[in-house]
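Worksheet: the structure to be examined is printed underneath.
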Amino acid sequence: MIQFFREKQKQQGKEARYDTRCPFCSVQCSMTLTEEKLVATSRFKAIPNKQDPTSEGRLCIKGVHAHQHTVHRERIRQPLVKTGGAFVETSWEVALGLIAERFKRLQKSYGQDAVGVFGGGSLTNEEAYLLGKFARLALGTRYIDYNGRYCMSSAAAAANLTFGVDRGLTNELREVEDAECIVLAGTNLAECQPTLMPYLRRAKKNGAFIIVLDPRETGTTKIANLHLKPKPGTDGAIAAGMLKVLIEEELIDRTFIEARTNGFEQVESELQEIALAELALAAGVPEEQIREAAIRFGEAQTGMIFTARGVEQQATGTADVRQFLHILLATGKIGRYACGYGAVTGQGNGQGGREHGQKADQLPGYRSIESPEDRAYIASVWNVEEKDIPRKGVSAFELFQKIDQQDVRGMFIMGSNPVLSSPHENLVKRALSRLDVLVVVDMFISETAEYADIILPTTSYLEDEGTMTNFEGRVVHRPGSKPPFGKAKHDWQILCELAEALDRSHGFQFSSPKEIFNELCLASKGGKADYSGLSYEKIKGEGVLWPCPTKEHEGTGRLFEERFYTEDGRAQFGSVHCPVDSENDEYPILLTTGRVLTQYLSGTQTRRSDALLSKEPEPFVLLHPETASSYQIQDEDWVMVRSPYGEAKLKARQSEGIREDTVFVPFHWAGSVSINHVVAPELDPTSRMPAFKRTKVKLKKIIEEKGESWYSGQKNDRQESENTDDILDPVHSGGVAKNR
């Protein structure tokens, strides 16, 4: 013991430096983390990289404190096997052998598709690529999808249908500040991607007119010149109304339409049959606001439109996004400077994660798994027969339905916590409990890992080298300079070793992420997301925007300058979408969900940061004072939010900044407060995106009396209470939240 403390004293004061990137949102802010070793602990400091072309040297509060979960006492040090209902440590050799034996047995009894795979949008490009390859070759299953289906799939589907390709931003971010009009639909950048806010502030300083669509007031709406508050799920009606006004006011670019698009005549004809008043009524916003938004955008010489989960996480998300893309095409504001579209990516590698094979219907390079040509090319890269690559499977939530029906009997989950991130949480829990074997790769015993038979410990963002593709479509390098925690292994190592245990080591004999990236680049060659001109050496520093088809190519900053990615090079209009809403007396309130500044996704990592959790220790239901009054609800009262699918118990928080017919709940917490118990499992017919942002619910105040709870729905005089959201000033490096 004395010798131990002597060694600690020798180390005291020594400093380690780790060049890295924040593991959370799609900005992928780069930084240097310093670690000063003390006697019993370490002191960390995050220093933003001033040379970063995307974050421009900023970090938000999550990035400043991201390291805290990596040194958390609950991190898993070595493989765990569930024995007698409890997890017991074991060796990697035993764990991998056990997994291989159980998966082989299941597939022998029930077929190759008896085992499914579920990935994540925070995996590096190398690990996302390898996971898709592992599912299709090592396991031979068609059942693979990932949590990005819950994030970007509607925007991706809309962009592919309209432009022929899906990249998060069609331009470089630096162009935003020169756009004369900017539409932000269903995005709260101030809390979800706060380090992007200065781009908007500079644009406004330069005279930009900023339009924000959101059913509640947020830090983002504070910078708006015009804030429209639609009912959740009706943003598409506003966009259709804007296009109708643009046509009537002759603010469209018919030269561009005729030269570079198809299908406008049908859209124009459909809009003639719909009254603007009808669209305004459907959205629940004044007709005059739609008209002003349209004229402002139409009269501007340059303009950009950004959508995010508020528009996309709907049962009509693909159609809704397309309505906004119609505006860009009709006004010719695409493919030129300060004119374009941005689908604000949520997860750290949400863009790259969906490009290289995690989705049920995709192969690397954004290729289609059903295309004979694409299948043949990837088979040649993988050195297998084309017939050895399975066909497409099903989407994320449908995969859990397959498990619930016992069509899938074994599951391998890497980089995701679907118990908390999926809709209809009760069904997902029931499905996982029915599996014959569940393997989870994680740093912690997450809410999903609790159902596992075997848990494999993985490395953190500080330890795992690889590449990420940020919101711009910029491929960047993330070093992994910190030694692995305990006996944890990198995701790519786990996949290679498990493939060997399955006697399928062919194609998985990699010794570094760089080797995997080189194969990924080859596999993407000729695809829509072409990385073939990239290398680790080329992207270090500022990174490179794809497509980059040759070693000499500098990357593509702006898409669609000359042609779109469709077969004929022309963009495609779709149909007009006008939502029809029906009253529901039993479930009269609209629930919408989202993030708060200090938490990220399912909270598996951020809820293990004391600094972040102290800012927002528990979820809440945000409701208008008039709504609160009708249920006798005051701030801090417990409220039951209930739908046909489940219920959640939450504390009330009042704000006059939200619609009276709408409540908002953040989704980062587990247990009885988990709002995804309540969310409807309705899926978009094209993207298969669940309707996270719109579920019909009812509210009940919970009154504690003599140790028992009963529900009260009586009306009462309200007690007004204003809530001021904590909004981070993103232009800093200290992570201090400020009230504004």
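The table below lists the values:
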{"read-out": "Segments 338-351, 471-484, 179-192 sorted - mean Cβ within 10 Å per residue, highest first", "value": "338-351, 179-192, 471-484"}
{"read-out": "Carbon + sulfur, % of accessible area of the chain - ligands and nucleic acids excluded, 1.4 Å", "value": "45"}
{"read-out": "Heavy-atom accessible area per residue - the chain, 1.4 Å, Å²", "value": "36"}
{"read-out": "GluC sites (Glu not before Pro) lying in DSSP loop within segment 258-294, provided at most 15 other Cβ fall within 10 Å", "value": "Glu273"}
{"read-out": "Segment 562-635: GluC sites (Glu not before Pro) falling in loop per DSSP and having at most 16 other Cβ within 10 Å", "value": "Glu562, Glu567, Glu583, Glu586"}
{"read-out": "Net charge over other residues, Cβ less than 11 angstrom from the Cβ of Asp19 (K, R count +1; D, E count -1)", "value": "+4"}
{"read-out": "All lysines inside 30 Å of Lys525 as judged from Cα atoms, apart from same-chain residues fewer than 8 positions distant", "value": "Lys133, Lys333, Lys359, Lys387, Lys392, Lys489, Lys514, Lys538, Lys540, Lys551"}
{"read-out": "Cα gyration tensor shape of the chain, rounded if a/c is under 1.5, else prolate or oblate by comparing a/b with b/c", "value": "rounded"}
{"read-out": "Sparsely packed trypsin sites (Lys or Arg not before Pro) within segment 35-133, loop by DSSP, other Cβ within 10 Å at most 14", "value": "Lys50, Arg73, Arg77"}
{"read-out": "Per-pair calculated FRET efficiency, R0 = 35 Å: Thr32 and Glu660 via Cβ, rounded to 0.05", "value": "0.15"}
{"read-out": "Contour minus Cα-Cα distance for Thr41 and Glu74 (0.36 nm per residue)", "value": "10.3 nm"}
{"read-out": "Residues Gln266 and Val94, FRET efficiency given R0 of 60 Å [Cβ-Cβ distance, rounded to 0.05]", "value": "0.45"}
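The values are calculated or read from the model by the stated rules, or taken from the named source; none is laboratory data. Treat the numbers as computed from the prediction; the structure is a model and nothing was measured. Backbone-built Cβ (ideal geometry, glycine too); neighbour counts: all protein chains shown. Quick note on the areas: whole protein, heavy atoms, side chains included, nothing else; ligands and nucleic acids left out. Shrake-Rupley method; radii C 1.70, N 1.55, O 1.52, S 1.80 Å.
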